[in-house]
1. Give me the pairs: first residue in segment 225-240 and in contact (Cβ under 8 Å) with a residue 60 or more places away in the chain and on the phi > 0 side of the Ramachandran plot, second residue surrounded by fewer than 20 Cβ atoms within 10 Å (Cβ to Cβ) and in a strand (DSSP E or B), beta-carbon distance under 8 Å, and six or more apart or on different chains, which are they?
2. Quick one: in segment 126-154, which of the residues that are within 21 Å of the chain's Cα centre (by Cα) and surrounded by fewer than 19 Cβ atoms within 10 Å (Cβ to Cβ) is farthest from residue 94 (Cα to Cα)?
3. For residue 347, which of the numbered conditions (1) outside any strand (DSSP E or B); (2) surrounded by 15 or more Cβ atoms within 10 Å (Cβ to Cβ); (3) touching a helix residue (DSSP H, G or I) at 6+ places or on another chain (Cβ under 7 Å) fails to hold?
4. Looking at segment 350-398 only, could you name the residues that are out of contact with any helix residue (DSSP H, G or I) (no Cβ under 6 Å at 6 or more places or on another chain), under 30 Å from residue 277 (Cβ atoms) and part of a strand (DSSP E or B)?
5. Take the residues in segment 312-329 that are at pLDDT below 95 and part of a strand (DSSP E or B); name whichever of them is farthest from the chain's Cα centre (by Cα).
6. Collect the residues in segment 85-119 that are under 28 Å from residue 169 (Cα atoms), crowded, with 17+ Cβ neighbours inside 10 Å and under 27 Å from the mean Cα position of the chain (by Cα), keeping them in residue-number order.
7. Take segment 239-275 and flag every residue that is surrounded by fewer than 22 Cβ atoms within 10 Å (Cβ to Cβ) and part of a loop (DSSP other than H, G, I, E, B).
């Protein structure tokens, strides 16, 4: 009995120990509800920046283009080559005139824009010359000498100087110096002066007046008076250019090509004979007969181009440069003296003034050339200093007469005064100091 009860107790204890597990196996846990199916999506590919699928790449920020403005300013002085304004009157009288525009200011300005990626530059360049003073020297020559009343003029090999006219620093001075000449005496009447016959002034016995044979008398007329010290001559050109550079660091070349507009305005004074029938009378002395003033305007334009060589030192800060430029331009000229008068002798022997005026217009193609050299120093911030010397030739820029035709008698007065013209080169050499900045 006792062993039977022990067996029953052991069975009950085993049942109690295994009971929860058995219950769990008999009652399975409920199945959770199924999730709704996911909505299908398009596959995501990496973006241009290489971001993995599903990530959003930040936009690439583009650097702003630099402010590429270029500005330049320069100032200096210049001197113009003398203008030859000599002209003859008829075949017996001539005036040799030299006008020197020796005091000029020179200015230069430029504005431009540099393209990015080394695609070159656009630039508008101004060069201007302004006259501040001048000098005129003129000599009046005539195939005339003083002869006794009723005696005709001898033959001439050379014209003799009668008048000296000068203008300088706003003062006009003109002096008349008479000339005499005594012919040889043909004693034997053979039509020539023999060695044993008196030759007097005719040193070479050729029967003609030669330069140096005349007798120079003391001046018999001198005029001194104030006059304008500025003829207001202005020359300027505007160049619209595109260019680029090439070459290694130590040596750089640069080219420019574009269009030029040119303008010249001003006045040119010249001496002349405006009467010829009296000995030593009729030259533009500045008092009774005013010096001829040719007021002129010349405008035009055409293509232009230049080449520049640069030699650089000290990490490209210091550079020596040389440049040549040429422009082919079509010019239009206008020149006008304004009203003046010439003198003839009327039928009674009295002086008669005849109104006159010389004006001319002309169109002509020509070249304009220039060379320049100097030194530049560039700072790291884009500032650059420059010292340069240049020679600019505005070829055929000035229009002036070489000879004039005036009435010789009162009957010719109706034909007026006319002239033959030619062009003159306007050549200037200048120094300039300048400053520029590339932003």
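The values are calculated or read from the model by the stated rules, or taken from the named source; none is laboratory data. What you see is a predicted model; the values in this text were computed from it and never measured. Note: ideal-geometry Cβ built from the backbone for every residue, glycine included; neighbour counts use all protein chains shown.
1. 232/265; 232/267
2. Filtering segment 126-154 down to residues within 21 Å of the chain's Cα centre (by Cα) leaves 126-134.
Filter once more, so that each one left must be surrounded by fewer than 19 Cβ atoms within 10 Å (Cβ to Cβ): 126, 128, 130, 132-133.
Working: 126: 40, 128: 35, 130: 31, 132: 29, 133: 26 Å.
Top of the filtered list is 126.
3. Unmet for residue 347, out of (1) outside any strand (DSSP E or B); (2) surrounded by 15 or more Cβ atoms within 10 Å (Cβ to Cβ); (3) touching a helix residue (DSSP H, G or I) at 6+ places or on another chain (Cβ under 7 Å): (2).
4. 351, 353, 355, 356, 359, 360
5. Quick first cut of segment 312-329, residues at pLDDT below 95 only: 312-319.
Applying the additional criterion that residues be part of a strand (DSSP E or B) yields 312-313, 318-319.
Values: 312: 27, 313: 30, 318: 27, 319: 24 Å.
Residue satisfying both the conditions and the ranking: 313.
6. 85, 86, 97, 99, 101, 103, 104, 106, 107, 108
7. 247, 248, 249, 250
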